[in-house]
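Structure, as structure tokens:
The values are calculated or read from the model by the stated rules, or taken from the named source; none is laboratory data. It should be emphasised that the depicted structure is a prediction, and the values quoted were computed from it without experimental measurement. In this analysis, Cβ positions are derived from the backbone assuming ideal geometry, glycine residues included, and neighbour counts consider all displayed protein chains.
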Amino acid sequence: MERMLHSWYSPSLNKEMPVAVYGHYGFALLMIPTASADYLEYERFQLMDTIAPFIEAGKVKVFSINSINTESWMNNHMDPVHKAIRQNQFNEYVYNEVVPFIRNNTSWETPIITCGASFGALHSANLFFKRPDIINGCLSMSGVYDLTEYTKGFFSEDVYFNSPIHYLPNLTDHHILEQIRRSRHIHIVTGSGDYEDPEANRRFGGVLYSKGIHYELDIWGPEWKHDWPTWKAMLPHYLGSRF
């Protein structure tokens with residue numbers, strides 16, 4: 001499997017941000033790490049090995065980026081206002097830097113699907129729903145879509161606009177809604193085992209339904225826990241059956 005590492009100094013985040021790229025062809029899968037992890041997390045936990053056949057066949061080209069969660073919601077020593085600022089800077093990094101990088105390494109017509117597990121699932125959904133003009137869908141595994149799960153009681157306009165279960169019910173912009181509704185790839189997937197939250201996923205599915213958004217909610221059984229074996233089963237299943 002072709003693998004290349006790239007890096008540049010991000011003007012949005014004012015720091016060096018590396019990206020791991022796997023594959024040579026196919027739609028772009030933009031992967032956001034879990035919790036406090038980095039851009040090589042999915043490789044270290046062998047998830048990349050489970051999807052290697054799809055990468056090698058040219059079905060998908062994977063772009064795995066760093067998170068800045070330790071500089072925002074996972075940092076207990078930061079002022080919550082500054083955490084929210086950092087969250088917005090991360091969004092701008094993805095939209096203004098990562099998306100053009102993907103376009104330049106694929107084509108301007110290549111679909112981009114965001115993907116992540118756990119906290120990465122929330123990020124992947126949020127990035128898509130905020131900018132469906134440049135991102136084409138999301139595959140979110142074992143997430144909750146309420147950012148207040150991570151903000152320790154802090155709530156502000158910036159939290160609201162990065163918490164899909166809060167802002168989507170009030171989204172009335174017809175143009176944005178139609179861009180979201182055109183997506184064939186809104187996959188909300190979770191297990192029902194230890195540390196999973198299937199009810200949170202059902203609630204989020206209800207919000208999407210209420211907005212006339214076509215989505216897939218797939219809740220796996222109680223044997224599927226909030227852990228790597230679950231995600232290593234989910235992602236190849238979806239790449240093989242939905243794309």
Quick check, is Ile32 of a type in the set (A, V, I, L, M, F, W, C) and over 21 Å from Phe128 (Cα atoms)? no
Among (1) of a type in the set (S, T, N, Q); (2) within 19 Å of His226 (Cβ to Cβ); (3) surrounded by fewer than 18 Cβ atoms within 10 Å (Cβ to Cβ); (4) in contact with a strand residue (DSSP E or B) (Cβ under 6 Å, 6 or more places away or on another chain), there is one condition Thr110 misses while meeting the rest; what is its number? (2)
List, please: which pairs have Cβ atoms under 8 Å, are six or more places apart or on different chains, and start with a residue in the range 27-41 that is in contact (Cβ under 8 Å) with a residue 12 or more places away in the chain and surrounded by fewer than 21 Cβ atoms within 10 Å (Cβ to Cβ) and end with one that is among the hydrophobic types (A, V, I, L, M, F, W, C) and in a helix (DSSP H, G or I)? Ala35/Phe119
Quick one: is Leu168 touching a helix residue (DSSP H, G or I) at 6+ places or on another chain (Cβ under 6 Å), of a type outside the set (Ser, Thr, Tyr), buried (at least 24 other Cβ atoms within 10 Å of the Cβ) and within 26 Å of Ser192 (Cα to Cα)? no
Taking only the range 68-88 into account, find how many residues are surrounded by 21 or more Cβ atoms within 10 Å (Cβ to Cβ) and without any contact (Cβ under 8 Å) to a residue 24 or more places away in the chain. 1
Quick check, is Leu5 part of a loop (DSSP other than H, G, I, E, B), among the aliphatic types (A, V, I, L, M), modelled with pLDDT of 95 or more and closer than 28 Å to Trp73 by Cα? no
Answer with yes or no whether Gly205 is farther than 24 Å from Val60 by Cβ and either surrounded by fewer than 18 Cβ atoms within 10 Å (Cβ to Cβ) or touching a residue at least 24 places away in the same chain (Cβ under 8 Å) (or both). no
Give, as residue ranges, the strands (runs of 3 or more DSSP E) completely inside the range 133-243 that count at least 2 residues that are more than 27 Å from Glu109 (Cα to Cα), at pLDDT below 95 and over 18 Å from the mean Cα position of the chain (by Cα). none
It is to be established whether one or more residues within the range 60-67 are surrounded by fewer than 19 Cβ atoms within 10 Å (Cβ to Cβ) and either more than 15 Å from the chain's Cα centre (by Cα) or among the polar types (S, T, N, Q) (or both). no
Going by what's in this entry, would Ser12 be described as without any contact (Cβ under 8 Å) to a residue 40 or more places away in the chain, touching a helix residue (DSSP H, G or I) at 6+ places or on another chain (Cβ under 7 Å), outside any strand (DSSP E or B) and not aromatic (Phe, Trp, Tyr)? no
Which one of these does Gly212 not meet: (1) surrounded by 19 or more Cβ atoms within 10 Å (Cβ to Cβ); (2) at positive phi? (1)
